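Below is one structure, written out as structure tokens; comments come after it.
The values are calculated or read from the model by the stated rules, or taken from the named source; none is laboratory data. These numbers come from a predicted model, not from an experiment. A quick note on method: Cβ atoms are made from the backbone with ideal geometry, for glycine too, and the neighbour counts reach across all protein chains shown. Note: areas computed on protein heavy atoms with side chains; ligands, DNA, RNA excluded. Shrake-Rupley method; radii C 1.70, N 1.55, O 1.52, S 1.80 Å.
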Protein chains: 4
Amino acid sequence: MVNVGIIGYGYWGPNLVRNFFAADGCYVKMVADARLGRLEQLKKVFPSILAVKSAEEIIKNPDIDAVVIATPVSAHFELAKKALLQGKHVLVEKPMTASVEEAEILINIAEQKGLLLMVDHTFLYTGAVQKMRQLINNNELGNIKYVDSTRINLGLFQSDINVLWDLAPHDLSILSYLVDETAYSVNARGITHTCNGIENIAYLTVNFPSGLIAHFNCSWTSPVKVRMMLIGGDEKMILYNDLENTEKIKVYDTGYTYYNDEERQQVLVDYRTGDIHVPKVSTTEALLNMANDFISCIQTGNKPESSCNLGLEVVKILEASTISIKNQGREVVVENQSTPVAFNV
Amino acid sequence: MVNVGIIGYGYWGPNLVRNFFAADGCYVKMVADARLGRLEQLKKVFPSILAVKSAEEIIKNPDIDAVVIATPVSAHFELAKKALLQGKHVLVEKPMTASVEEAEILINIAEQKGLLLMVDHTFLYTGAVQKMRQLINNNELGNIKYVDSTRINLGLFQSDINVLWDLAPHDLSILSYLVDETAYSVNARGITHTCNGIENIAYLTVNFPSGLIAHFNCSWTSPVKVRMMLIGGDEKMILYNDLENTEKIKVYDTGYTYYNDEERQQVLVDYRTGDIHVPKVSTTEALLNMANDFISCIQTGNKPESSCNLGLEVVKILEASTISIKNQGREVVVENQSTPVAFNV
Amino acid sequence: MVNVGIIGYGYWGPNLVRNFFAADGCYVKMVADARLGRLEQLKKVFPSILAVKSAEEIIKNPDIDAVVIATPVSAHFELAKKALLQGKHVLVEKPMTASVEEAEILINIAEQKGLLLMVDHTFLYTGAVQKMRQLINNNELGNIKYVDSTRINLGLFQSDINVLWDLAPHDLSILSYLVDETAYSVNARGITHTCNGIENIAYLTVNFPSGLIAHFNCSWTSPVKVRMMLIGGDEKMILYNDLENTEKIKVYDTGYTYYNDEERQQVLVDYRTGDIHVPKVSTTEALLNMANDFISCIQTGNKPESSCNLGLEVVKILEASTISIKNQGREVVVENQSTPVAFNV
Amino acid sequence: MVNVGIIGYGYWGPNLVRNFFAADGCYVKMVADARLGRLEQLKKVFPSILAVKSAEEIIKNPDIDAVVIATPVSAHFELAKKALLQGKHVLVEKPMTASVEEAEILINIAEQKGLLLMVDHTFLYTGAVQKMRQLINNNELGNIKYVDSTRINLGLFQSDINVLWDLAPHDLSILSYLVDETAYSVNARGITHTCNGIENIAYLTVNFPSGLIAHFNCSWTSPVKVRMMLIGGDEKMILYNDLENTEKIKVYDTGYTYYNDEERQQVLVDYRTGDIHVPKVSTTEALLNMANDFISCIQTGNKPESSCNLGLEVVKILEASTISIKNQGREVVVENQSTPVAFNV
């Protein structure tokens, strides 16, 4: 039985508690939140959980095996570091950390201590993303040529992170999960409509060595909610619409091929549009799948689907996007050499 | 009666002939196309029109008052210049020319000769765009904060121009028509999936001095067709979906305001979502409205809705986008100082 | 404080418990279900509730003020009768009873004993239906000429009632709530695809003295889920799509008028299509509103929105539909004379 | 070369002329219409066609091989009869005639004279209906259990026929084409909102011996346009939405099976929902396919897809529906015994 402590009982907290309760082989023993009102709420619904004010109490409790960190991003690093150093397995909410350096330090510690460090990129555990992964692994799409994602709605303006750090982790984690290639560079532009300088609309292009291009349109200021991703292979293409109830994924037997017509001295393109296939996808709750993966990997030592390396990839792209935005959209290379991080455990 | 000659009888030609026939006060006298097959087709359907092989025959014909140029972009400048110098009014298809310099020369000649020079940005004449213009002019949207446009489908790969020059003129003309501000700079990234180096996917951001940001997502390689534009004001927002039959424009009574909460030392945002209004829009054929505007402005000397200056704006942004794409997406300032163009009529 | 006992803890039971807990001025004291497994489930989630096996224990408990009956329809009458005779206020799930006679007896007892008898037609408490009622009361639609409802999906085949008794109560209650006229007759046809003779597809037409026609298409065997109702007035028309998240109600400024053209000796019709208005509707949970109405009417003696007379109307139409189906769709008059029901309290 | 004469140049006339011009092996020689304005229009667009005022001129012209009758329904019989008796092949618009008797007489004459008599049920020639036929013939759906069709919009109120005679022929022809069973009876209810007694809303149920039920919802008074048909088999089900551009047909791998559970003494139903398949359908213009079928069957003597017997089936159901409406919806048996029709050629 893995004893879990959850730090942070905000918007996402109740969902975490509920799903870790439902997961196999674990018990939610403690929850920490500095806000008394939140603790009151917790006690009413889950009287069996020990509610504490300070994260330290969880981290230092010898009965706790694993810590789930569901605080604002800025606190992820310090809490995760302390928990790892205390020998706890750690799950952090997305995005993993506020910087690449922080993420690399955490990975380094977890490795040295032989602990599981995992990031809650919940979308990877949805039936839709699992089905897309399966289609891609079966090579049904051919070579992936582009990814085009739109995630917009009238959303809560965050006061600590911009719209890319808030919304794009979902799509970037899916990108990393589905595409077997490391990003070379990014371009990003954003705009803020408030006086705090935090972008509420931003556009991000991620460029890959093979010519694959991935584009992300994120906004907190759209009157309509859109959650759509196109994945274009040279054999087939996928439309992933997360707002659809029964047709989340459509696989289009659509493509084009080109060849040089030497006589006419130009490139000719042949188009093909065929049937559309809408595979049934599992509707198991993604968060429960994620919780089960976390607990199971603690027990088995296996690598989780949503690994810390994938979490690091996401932070690398986000960090590069911030630099690009500050430089009016110029191309910023994503540093992928594994920088040796000096951290003495 | 304005006698019209049309140069180029390709994909768009029959539509032009049909609508200029239907327009008031004009007569389609000649059509030129170098391809015999196209001329055969013309004669079968419109036996009354004089079909000629060479554009020169139209330009030099003293009976012709106005010339419509519907050729590939690369030929626009030479043909329009010759026609203007021969004293003909000129309508060119979009985009106006292949460069800013060419567009400025044409405008210069037209002014000196007192002739009408107009660009066929057909979308400006749709009921939807007219209705949006009216809503904006009535200040229903408040200050426009962003424009976000997606125009993608499995489209014909052009062999002379990239996807932005092919598709974005529609959206850029709408942008110029609706927004009363001149673009400051652009960023653009694109990718080609063929060996001819012509981008088939491209993303363009247009930045304005006021902080307005406009974004354009263009692709010839999407399995689904999308024709969607969001226009976000701080009072109301519009969703313009050109593929909708009866609900092309939705006006959302949606917005947000922010204020500094000094006590909590942060920016607070208030959200508002209210009713949606779907105004009825005129369904008159836009191309006919355009033809009528061209003929009427010839007769009255008025300025058309789709003026040559708007056409020039579009080319300026396109030209800057090409430079940005070649420079990996770095910001390129749109030159808006009216460069004195030396052209001696 | 109104002490509530709930009889039946099946599919709908947990929702009732949760919402009566959240309602003002009441306390969920007891729940009865003959199935031990269901009681186990209840105790796990709501340990404070007294879980009993027999409905009698609730009905006879002097601490209980109000009884909620959430059993199969066939048990409604006996349980409600007993509870009323024991002086309890009663809420029954829809449809109210299995026959008109039963419904009339219950109403009779409740009146004699001065108790509240209410039917849980939850839909009446949705923001959408409340908004439509308001639009109709403001006379925005003009005279209502037709109602056309489709409620189909791949649904659970019930083993005790047919698809009309299962699905149509929702739509019939909305009809009764919105239309200020009593049904004259019905026609219904249905078909069973199993060997138990219970219709899984049925079509019901309800005819009104004014010429208003209402039609109901119900099926448990559709591959797609549809929840759609058209309400056509001679001034405006409403499309109510319950599956829409943000556009549940669309008000069409659409209509037609006719006049006799005596010269041409025929009827001429003028059409009108104008703007569409999508009013914002409240998203408060309907079941909570219903629970609050029940408790509040117990306390104040007011008549609830979802009254027992409305519940009776629904049963009258259902009973007539059953007769029509058995008679191959012939017209069956809905008996609306209030039959004196002999019941000696 | 088959010389064609077209009688009636109203709304549908220009489409017929255009497509018979495009069809193989035929020539549109004459068009008749009593309205001078219509003839003027014809001459402008098709100067080569001989425009005449009287249908007689076409019927009596020895150069005409085939007559197309595109007049109001009431004139179909007399014109078709005369044309057949003059030895012309005949195509009549849908519905074939105003009564079963008329249709049977025409079929009788055509048989005796060895002429082709065909009804223009254009929908049978669409890619969507052809694809559905193919799926059904391949037995992909299993046994067809129900057909449910909705065809509503704000439509032109006809002054000679009610909404069923106007709209249902499309769906009834599809029904007859897809389902290999003859209707046993119908029930229909309708309502008129004008003073001319012609129903503008009507509901029709068609009952088949096997238990198959088909339902048709037709209205000229809906604010939204719906063109939807569900075809439910016990293996798979089809959603046919004619307003979709690229997804007209969706094939659902959805079904249910039932069995008697003797222990529990009830019927148990097992549900199944699987993938959805959206087959590509041909987008060739249906009217052109129809014209080609007509001409080709004249030349070869083959039976057309849209045969006169199918046209007769449609009229039989329509005639029975009229009787049912006049009898408040009671079941009316469709007479299918081939009544010997006395007609002496």
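Miscellaneous remarks
- D:Glu305 accessible area, assembled protein chains, probe 1.4 Å, Å²: 70
- The amide H of D:His215, built 1.01 Å from its N in the peptide plane, has D:Val147, D:Asp148, D:Ser149, D:Val206 as neighbours under 5 Å, considering only residues 5 or more places off or on other chains.
- Principal-axis analysis of the Cα atoms of chain C puts helix C:127-137 at an angle of about 50° to the longest axis.
- Rounded to 10°, Cα long-axis angle of helix D:163-178 versus longest principal axis of chain D: 70
- In the range A:192-215, burial by the other protein chains removes 40 Å² or more of accessible area from A:His193, A:Thr194, A:Cys195, A:Tyr203, A:Ile213, A:His215, compared with the chain on its own (1.4 Å probe, ligands and nucleic acids ignored).
- Residue and whole-Å distance for the chain B Cβ lying nearest the axis of the B-onto-D rotation are B:Pro47, 4.
- Copy-to-copy label separations for C:Lys53, where each label sits 7 Å from Cα toward Cβ, in nm and ascending: 4.9, 9.5, 10.3
- Overall form of the protein assembly as shown per C-alpha gyration tensor (a/c, 1.5; a/b vs b/c): oblate
- The angle separating the long axis of helix B:308-326 from the principal Cα axis of greatest extent in chain B is about 70 degrees.
- Accessible surface for the range D:86-186, divided over its residues, is 32 Å² per residue with a 1.4 Å probe.
- Counting heavy atoms of the protein chains alone, A:Val52 has an accessible area of about 10 Å² for a 1.4 Å probe.
- Fraction of accessible area attributable to carbon and sulfur, chain C (%, probe 1.4 Å): 47
- Charge tally in the Cβ shell below 11 Å around D:Gln41, where Lys, Arg are +1 and Asp, Glu are -1, D:Gln41 excluded: +2
- Take every DSSP beta bridge whose two residues both sit in chain B; close to 60 percent of them are antiparallel.
- Integer Hz, Karplus 6.51/-1.76/1.60 couplings in order for the range B:15-22, x for Gly and Pro: 5, 5, 4, 4, 7, 5, 4, 7
- Between B and A, roughly 4200 Å² of accessible area is buried in total, ligands, DNA and RNA not counted and the probe set to 1.4 Å.
- Of the trypsin sites (Lys or Arg not before Pro) found in the range B:1-108, those that fall in a DSSP loop while having at most 14 other beta-carbon atoms within 10 Å are B:Arg35, B:Lys53.
- Interface burial in the range C:254-273 reaches 20 Å² or more for C:Thr254, C:Tyr256, C:Tyr258, C:Gln266, C:Val267, C:Val269, C:Tyr271, C:Thr273, comparing the full protein assembly with the chain by itself; accessible area from heavy atoms with a 1.4 Å probe.
- By definition, a body whose alpha carbon gyration tensor gives a ≥ b ≥ c is prolate when a/c is 1.5 or more and a/b is larger than b/c, and the range C:124-277 fits this prolate description.
- Using a 7 Å Cα-to-Cβ projection, D:Tyr259 label spacings across copies, nm, ascending: 5.5, 6.8, 6.9
- Residue-wise HN-Hα couplings along the range D:182-193, as the Karplus relation 6.51 cos²θ - 1.76 cosθ + 1.60 with θ = phi - 60° gives them from phi, are 9, 4, 8, 8, 9, 10, 8, 10, x, 9, 10, 10 Hz; Gly and Pro carry x.
- At 7 Å out from Cα toward Cβ: A:Gly87 inter-copy label distances (nm, ascending): 6.6, 10.0, 10.8
- Reduction of at least 40 Å² in accessible surface, 1.4 Å probe, comparing all protein chains with the chain by itself, residues of the range A:218-244: A:Thr221, A:Pro223, A:Val224, A:Leu230
- Measuring nothing but how far apart in sequence close Cα pairs (under 8 Å, 6+ apart) lie, relative to its length, the range A:34-96 scores a relative contact order of 29 percent.
- Spatially, the range A:19-76 and the range C:267-290 are offset by 45 Å when compared through their Cα centroids.
- Once the Kirkwood radius over Cα pairs is known for the range C:50-162, the Stokes-Einstein relation at 37 °C and 0.692 mPa s delivers a diffusion coefficient of 198 µm²/s.
- Hz values of 3J(HN,Hα) by residue in the range D:62-73 - Karplus curve (6.51, -1.76, 1.60), Gly and Pro given as x: x, 7, 7, 9, 9, 10, 10, 10, 10, 9, x, 4
- Other protein chain C-beta atoms within 10 Å of residue C-beta, averaged over A:322-329: 3.
- Amide H partners (placed H, <5 Å) of B:Ser222, local residues excluded: B:Asn153, B:Leu154, B:Gly155
- Cα gyration tensor of the range C:231-305 - equivalent ellipsoid semi-axes, whole Å, descending: 41, 18, 8
- Annotation: amide H of B:Gly329 within the under-5 Å range of B:Ala188, sequence separation 5 or more or interchain, hydrogens built in the peptide plane.
- The helix-only estimate of mean residue ellipticity at 222 nm for chain D, built from DSSP H runs of length n ≥ 4 each weighted as -39500 (n - 2.57), is -10000 deg cm²/dmol after division by the residue total.
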